[in-house]
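No value in this document is a laboratory result; all are computed from the given coordinates. Because the structure is predicted, anything quoted here is derived from the model rather than measured. Cβ coordinates were reconstructed from backbone atoms using ideal geometry, including for glycine residues, and neighbour counts include every protein chain displayed.
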Amino acid sequence: MIPAPATTTPGEGTYTLTSTTGISAPPELAGPAARFVEAVQADTGLTLTGSSGIIIELAPVDGVPPATGLRADGAEMDERYGVDVSAGGVRVWAATAEGIHRGLTSVRQLISAHLQDGTAVLPAGSFVDGPRFAWRGLSLDVVRTFHGPDEVRRVIDMLDLYKLNVLHLHLTDDQGWRVEVPSRPALTEVGATGAIGDRPGGYYTQDELADLVAYAADRYVTVVPEIDMPGHTAAVFKAYPELGPADPKTVELGNGDQLHLGTLDPARDETWTFVEDVLDAVIPQFPTSEYVHIGGDETWGMSDEDHAAFVEKASTLVRERGKRVVGWQEIARAKLDPADVVQYWLDLDIDAMADNPDAPTPPEELLPVLVEALRKAKHDAPKALDQGAKLIVSPVTWLYFDRPHADTSADPGQEQARERLGLEFYGAASLEHGISWDPSDIVTPDRIAGVEAAIWCETITNADDLELLLLPRLPGLAEKAWSHRTTTSWPEYATRLAEQSPAWRTRAWTWLQSTEVNWR
């Protein structure tokens, strides 16, 4: 299983599961039971038609500590669970319905790994498990390439299979605006029309977002909205030029995209009318999220004073609307509330990169901008911690999934895609590299709100590209965010990873078929 459970006790014998097996549940657990049957069918093609064999019940769980950190829904929820497999059947117990769902997710993985010819012979044994960190997520860029609701649902299914519980939707950026604001119709009529290069644009209607939020909630995934500001706002200025700078500047990146050196101005009243319009429209569309992500990153050309003023006022507006603030690490340069959450991502050492002759070189015009940003960045996490804020750990080195794959693929057809996918600037990363670290290497666990990967779509052109960079990396994220193990052995992990491929194949998910893994 991935993530590895906290405690495992082998048993004697086996339990044989077939299509005549079913699940027995009290009325209050009917939802998790029904979703389990649906998920097993999607994972394996096996339809469970019986009424017995798997028993689920609400009961306390001992033997594993509760999660630390913060939940995106703001709830106090126990996700711990136990599973016992014996010759007589399977028992799953937890103190909450969400814990039951996590336990049944482990049973799904067991079934998929052991299924042959419609029969799964499960080894007897028991395990008790629970998450290490409460916030375990993925930040998904739907701006540079727009991914429609069907593809987002597929991503939610991937998160669910690996007990990840946050989908952070990066909804706005220079290349487009993807969420409806009825009082500002040009944001979608004009600002949503494009993406990078000639890729089609698009946006989510309020009904589509309501469906996605509900779909995710049924799988205990919270969708957190990000409205990136005061930078990354070229799409805003395209829709409402009066909000933009008088003399906008851009830097060509050489990939069909541009770096925009323009930001919302905190000294102008119309800026704040706009921000309030956006917050009033967006916040109700994400009722399960306790947080609003305000971006705050890469405010090229903005003074430190203006940036701090913007972050502080935007944060106040979010709090006045009953929500909590999360932002990229640059918001730590402003005054924070201890309840704010800072997303740490910039772990690149610009001085070390300058001394490394093999380090990829960014475009010449972009280099001084990056150097300035990266030299400031090393002070962000200490500033956040000094103000009492917690960190979401999202370092580029380990959790940016838009890095190229270093592993070659056993599928020759994937090699051409592998060569063009991912930002060369970050350098290629292997699957083994992705699990060779621990969040406590970044900051002490008591200061960690959670762990979140990010996938940016500069090089991603379609759903297959997206999935090829997400898989098999997502299970590694889950291993680091959920499992209580602080070290992971690559040979042992690769064996568990190999067992995931039958479910991916049945679901028609695209994944890099790394030659470093002996896939089933």
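Given the pairs 323/383; 323/480; 323/378; 249/480; 163/238, which span a C-alpha to C-alpha distance of over 31 angstrom in this model? Exceeds cut-off: 249/480; 163/238.
Between the listed residues 311, 457, 416, the Cα displaced farthest toward the positive end of the dipole of segment 135-506, a dipole computed from Cβ unit charges relative to the Cα centre, is found at 311.
Per-residue ellipticity at 222 nm computed for the chain from its helices equals -9500 deg cm²/dmol, with DSSP H segments shorter than 4 residues left out and the rest contributing -39,500 (n - 2.57). Using the alpha-carbon atoms, what tilt in degrees (0 to 90, nearest 10) does helix 206-218 show relative to the longest principal axis of the chain? For 206-218 against the chain, the angle is about 40 degrees.
For the chain, give me the percentage of DSSP beta bridges that are antiparallel, rounded to the nearest 5 percent.
Antiparallel: roughly 40 percent of the beta bridges in the chain.
Figure legend: label point modelled 7 angstrom from the Cα of residue 316 along Cα→Cβ; residues of segment 214-243 with amide N under 18 Å from it are 230. Modelled this way, with points 7 Å down the Cα-to-C-beta line, the labels at residue 520 and residue 441 are 2.9 nm from one another. As a rough footprinting exposure proxy, the listed residues 514, 303 were ranked by other beta carbons within 10 Å of their own, and the order from fewest upward is 303, 514.
Quick check on segment 1-155: take the gyration tensor over C-alpha atoms, sort the square-rooted eigenvalues as a ≥ b ≥ c, and tell me if it's rounded (a/c under 1.5), prolate or oblate. Intermediate results must be reported in sequence, preceding the final value.
Numbers: a/c = 1.79, a/b = 1.26, b/c = 1.43.
Oblate shape, in that a/c is at least 1.5 and b/c is the bigger or equal ratio.
Quick check: the angle from helix 149-161's long axis to the longest principal axis of the chain, C-alpha only, nearest 10 degrees? With rounding to tens, the tilt is 50 degrees. Nearest 10 degrees, 0 to 90: what angle lies between the long axis of helix 304-320 and the longest principal axis of the chain (Cα atoms)? Helix 304-320 sits at roughly 50 degrees to that axis. When peptides 368-378, 452-462 are sorted by average Cβ neighbour count within 10 Å, with the highest value leading, the order is 452-462, 368-378. For the pair residue 206 and residue 59 in one chain, pulling the backbone fully straight at 0.36 nm per residue adds 49.1 nm over the alpha carbon distance. Our Cα-only numbers for segment 115-161 put the radius of gyration and Dmax at 17.2, 48 Å.
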